[in-house]
1. Where in segment 59-78 is the amide nitrogen less than 14 Å from a point lying 7 Å along the Cα-to-Cβ axis of residue 87?
2. Under a point spin-label approximation (7 Å from Cα along Cα-to-Cβ), what is the residue 76-residue 100 distance to one decimal in nm?
3. On a full-extension model of 0.36 nm per residue, what is the gain between residue 63 and residue 108, subtracting their alpha-carbon distance, rounded to one decimal in nm?
């Protein structure tokens with residue numbers, strides 16, 4: 001009887017621990033510094049600026065940064081740099097989460113013609 005009880009206790013302990021590991025993996029998808037409820041870093045909620053990972057990928061951020069998003073991919077984006085669209089890709093999990101978050105923003109008309117691709121890109125402006 002002790003053996004059965006011990007096995008059951010061990011099984012429940014491992015099951016609870018496995019759930020804790022799953023929760024930790026989900027947290028890795030959230031970019032560092034993001035508010036848990038709002039999804040926007042606290043400083044950006046007031047300023048409405050470019051998320052930090054995308055700003056780093058952008059390089060020198062212009063006064064009005066435009067980003068064009070492909071509807072099917074979250075591992076790449078087109079950045080408007082010096083009047084022309086530049087494709088940057090190979091985004092990690094943090095940047096992918098930022099891309100998913102900015103897809104919810106209102107689209108903006110691009111100041112220059114979009115790159116010639118076979119699908120309509122969604123353009124987002126950060127002010």
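Here, each number is a calculation from the coordinates, and none is a lab measurement. Since we're looking at a predicted model, the values are computed, not measured. All Cβ positions, glycine included, derive from the backbone under ideal geometry; neighbour counts span all protein chains shown.
1. What the label zone holds, given the 14 Å backbone N cut-off, is 68-78.
2. Simple spin-label model gives 2.0 nm for this pair.
3. Details: separation 45, 0.36 × 45 = 16.20 nm, distance 1.52 nm.
Contour length minus Cα-Cα distance gives 14.7 nm.
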